[in-house]
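The structure appears below as structure tokens.
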Amino acid sequence: MEFEKRKKASIHLNIAPLIDVVLLLLIFFMLSSHFMMLPGLKINLPSATTAKVEPEEEVIISITKEGILYLNGKETSLKSLPTLLKEKISKTQRESVTVRADESIPFGLGIKVMDIARLAGFNHVTIATKIEE
């Protein structure tokens with residue numbers, strides 16, 4: 001008596017949809033990580049009800065609550081800021097600068113930095129704020 005051999009069911013895992021999902025997640029995280037602004041500097045921006053989102057500028061002056069100045073993420077001093085800004089305006093040909101200052105800095109320091117930027121040749125000085133919730 002001969003028995004019939006059982007046919008083995010072939011198990012085939014289609015990984016094409018899995019690869020599609022992984023690539024979509026990769027693209028999502030790559031795009032969302034691009035929108036993070038200067039994670040290294042801890043600055044508490046002041047709130048404003050009339051604040052609006054501006055495109056990110058190439059020249060950004062940051063002032064921490066300790067009064068430390070940064071030009072595009074690099075630490076600088078108040079004395080060297082005018083020469084660095086003049087170099088930036090000659091390289092970028094932009095007339096706008098954004099000042100990101102902590103809300104607890106002395107008002108006079110913010111005015112000095114804005115005045116230095118205008119004297120360096122930047123006609124448009126923007127103060128960064130966060131939108132009030």
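Would you check if G40 is small (G, A, S), under 25 Å from A120 (Cβ atoms) and at pLDDT below 80? Yes: the conditions hold for G40. The listed residues are L81, L24, and the only one of them that is at pLDDT 90 or above and more than 21 Å from I127 (Cβ to Cβ) turns out to be L24. What are the residues in region 102-133 that are in a helix (DSSP H, G or I) and among the aromatic types (F, W, Y), if any? F107, the sole residue that qualifies. One residue stands out in region 85-117 among those that are among the hydrophobic types (A, V, I, L, M, F, W, C) and out of contact with any helix residue (DSSP H, G or I) (no Cβ under 8 Å at 6 or more places or on another chain): the one that is surrounded by the fewest Cβ atoms within 10 Å (Cβ to Cβ), namely F107. In region 80-101 there is no residue that is assigned to a loop (DSSP other than H, G, I, E, B), touching a residue at least 24 places away in the same chain (Cβ under 8 Å) and under 16 Å from I63 (Cβ atoms).
The values are calculated or read from the model by the stated rules, or taken from the named source; none is laboratory data. All values reported here derive from a predicted model rather than from experimental measurement. Cβ sites come from the backbone with ideal geometry, for glycine too, and all protein chains shown count toward neighbours.
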